[in-house]
Each structure stands twice: as structure tokens, then as C-alpha cells.
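Some notes on the structure that comes next.
The values are calculated or read from the model by the stated rules, or taken from the named source; none is laboratory data. What you are looking at is a predicted structure, and each value in this text was computed from that prediction instead of being measured. Cβ sites come from the backbone with ideal geometry, for glycine too, and all protein chains shown count toward neighbours.
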Amino acid sequence: MHAPVDLAAAVHATLPASLHWRGEPNDWVRVTRPGMRLHSFLEGPQFSPDGALWCVDVPYGRILRVDAAGEWSVVHSGDGQPHGLALLPDGAFAVTDYRHGLLRYDPRGGSMSVICARGAEGPFRGLSDVARGEGGDLWFTDPGRTSLSDPTGRLYRLRPGAQQPECVLDTIPYPNGVALSPDGRHVYVAATRANAVWRLFADSPDAGPPMAGVWTQLSGGLGPDGIAVHPRGFVAVAHGQAGRAWVFDPLGDVVARVRTPGGTWTTSVAWFPDGRRLAIVDAQTAALYAIDLARVLDRIPA
């Protein structure tokens with residue numbers, strides 16, 4: 001055991017006013033933030049090999065890129081509601097879109113194409129996040145509007161070459177962030193409306209649904225949102241509507257609580273390519289926060 005530390009992140013980059021959405025609130029905003037006007041709602045950070053950070057603007061169908069100097073650009077705009085990104089080996093991105101399903105975005109030509117729009121059970125309810133395993137499998141969550149009163153959210157797995165994804169679990173109260181352990185053995189899923197992170201084996205030895213358990217239980221806020229796993233196995237979790245992110249060691253003990261001083265809508269996290277810093281997205285202030293955790297992580301044996 002080690003004593004957790006309490007830290008505050010600093011602003012890395014903020015969406016400029018020139019890129020704020022100026023139109024009327026759409027259906028997504030009216031349902032998820034009644035009575036509010038949002039100029040953006042940022043999610044899904046992913047780093048590309050050139051060091052740029054990519055993210056999505058959920059209600060307004062935009063994919064954004066932030067270069068190493070902190071300059072923002074809109075690289076795609078459409079009628080979807082993108083929630084998550086996963087970098088593919090060829091430089092394209094898998095995109096989970098609440099309206100359109102699992103998509104593929106190619107930055108080189110700007111094309112967006114459908115990978116799949118339904119499972120064997122029927123159309124998706126509304127996808128949230130996606131993660132890619134080392135073998136090429138895509139794991140993605142389908143929460144729709146599920147919750148504790150309707151715990152039927154789904155976790156899917158799309159294997160390379162498959163035309164249709166497998167439904168791995170269908171009993172999750174709002175499955176949200178998803179990530180894999182460095183060795184690919186375990187899958188972490190944010191059960192947002194249960195305020196918990198679940199863990200299960202990627203390849204279950206049993207027939208039927210895999211055994212899933214609560215890996216860590218949070219309290220307060222809305223619940224865990226995005227998840228990012230460090231190469232050494234540390235797990236970062238964005239705590240939605242709590243203004244903080246948590247960092248756990250591979251056993252699930254808390255290493256650090258990282259606060260975002262600006263807002264409370266912490267949606268997602270990503271490790272910088274240097275393995276030292278953690279990026280945290282706050283949708284309330286349209287800000288990307290960053291914190292150097294090298295000294296914290298280095299004191300814990302691998």
C-alpha cells in the first residue's frame with residue numbers, strides 16, 4: 001500500500017472562442033443538459049504519433065485536433081454525435097458515434113465510413129467509447145439511456161475480419177469508458193450509473209457471459225466516464241461531474257486524485273506519449289488539462 005496524493009492539474013489548451021458552436025441547442029443538448037446552451041462538449045482524447053491530441057465535440061458532430069503548440073482545428077464536421085476515438089495502425093481512427101454506430105475516420109482524405117451499425121440483437125442504442133486491443137479487436141460500449149433502473153447496457157467486441165460484433169455483456173448500468181490492460185487479459189468498463197469500474201477477462205474460460213466484478217467503487221459525482229491505461233498498468237479514470245480524475249495502481253489501490261480547477265464535467269483521460277503526463281478533458285470549460293505524474297508513478301514498483 002502507498003499513501004495517495006492529492007494534486008491539481010493545469011490547463012494545457014482551451015477551445016478558442018472562434019470554434020465555439022453558435023447555433024441553437026440540438027436534441028442531444030436538450031436531452032442531456034435541459035435548459036442549457038452549450039458551445040461544445042468535448043470527449044474522447046487520443047494522441048497520434050506526431051504528438052497531436054484529437055478529441056470529439058459530441059453534440060455538434062465535430063472531430064478536433066490540437067497540435068503540440070496548442071493550436072486547435074476542426075478536421076471533420078458532420079451530422080453525427082461522436083463520443084470516442086481509437087487510433088488504428090494505419091493512422092485512421094475508429095469512432096463511436098451515438099447516432100450512426102461504429103465508424104472509421106481517415107484523416108488523410110477526410111472520409112468517414114461505417115464499420116457496423118448494429119449487433120445481432122438489433123440496432124445499437126447509442127454508442128459511447130471504444131478501445132483497440134493489440135490483436136486488432138475493437139471493444140466498444142453501447143449505453144443508450146440505460147441506468148440502475150434499466151441495467152441493460154452492452155459491451156461489444158468486434159474481431160478483425162468479422163462483419164458483426166459479439167455482445168460480451170448486456171447487463172451494465174450505462175457502460176461508458178472502456179480500456180484494456182497492457183497484456184490484453186483484462187477489460188475495464190466504466191459502469192457510470194453504478195459509479196463503479198468493472199473488470200472482466202477479455203477471453204473467458206467459461207461458456208456464456210464472462211464473470212465481471214467491481215474493480216473499484218467511486219462515490220459522488222455522476223460516475224466514472226473515460227478510462228486510460230498506462231503501459232505499466234496504472235489506470236486513470238475520469239470522474240464525471242466531480243471535477244477530478246483518479247489514478248489507480250494495477251491492484252486497484254488509489255495512487256492519486258487529480259482535480260481540475262476549472263469545471264466539474266470531467267469526461268475523459270489519455271496518457272501523453274511520454275508516459276509521464278496525464279491529459280484530462282473538462283467539457284464544462286472546454287479545456288484540456290495536464291499533469292506530470294512521473295514522480296508519483298516512479299515511487300511505485302512495477
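From the list Ala131, Ala120, the one residue that fits, being more than 22 Å from Asp27 (Cα to Cα), in contact (Cβ under 8 Å) with a residue 40 or more places away in the chain and more than 20 Å from the chain's Cα centre (by Cα), is Ala120. Six or more apart or on different chains, Cβ atoms under 8 Å: show the pairs whose first residue is in region 134-156 and surrounded by fewer than 23 Cβ atoms within 10 Å (Cβ to Cβ) and among the β-branched types (Val, Ile, Thr) and whose second is part of a strand (DSSP E or B) and at pLDDT 95 or above. Correct list of pairs: Thr152/Asp170; Thr152/Thr171; Thr152/Ile172. In summary, strands (runs of 3 or more DSSP E) completely within region 262-302 and bearing 2 or more residues that are in contact with a Lys or Arg (Cβ under 8 Å, 6 or more places away or on another chain) occur at 266-271, 287-292.
Criterion applied to Asp90, Asp57 was being free of Cβ contacts under 8 Å to residues at least 60 places away in the same chain, crowded, with 17+ Cβ neighbours inside 10 Å, of a type in the set (Asp, Glu) and within 25 Å of Val178 (Cβ to Cβ), and the one residue passing it is Asp57. Among the residues making up region 119-164, those that are part of a loop (DSSP other than H, G, I, E, B) and of a type in the set (A, V, I, L, M, F, W, C) are Ala120, Phe124, Leu127, Leu148, Ala162. Among the residues examined, Val66 does not qualify as touching a strand residue (DSSP E or B) at 6+ places or on another chain (Cβ under 6 Å), touching a residue at least 24 places away in the same chain (Cβ under 8 Å), surrounded by fewer than 16 Cβ atoms within 10 Å (Cβ to Cβ) and within 17 Å of Ser18 (Cβ to Cβ). Evaluated against (1) farther than 30 Å from Gly51 by Cβ; (2) touching a Lys or Arg at 6+ places or on another chain (Cβ under 8 Å); (3) not polar (S, T, N, Q), Arg118 falls short on exactly one condition, (2). Taking the criterion of being within 13 Å of Phe272 (Cβ to Cβ) and among the hydroxyl-bearing types (Ser, Thr, Tyr), the only residue of region 47-77 that qualifies is Ser48.
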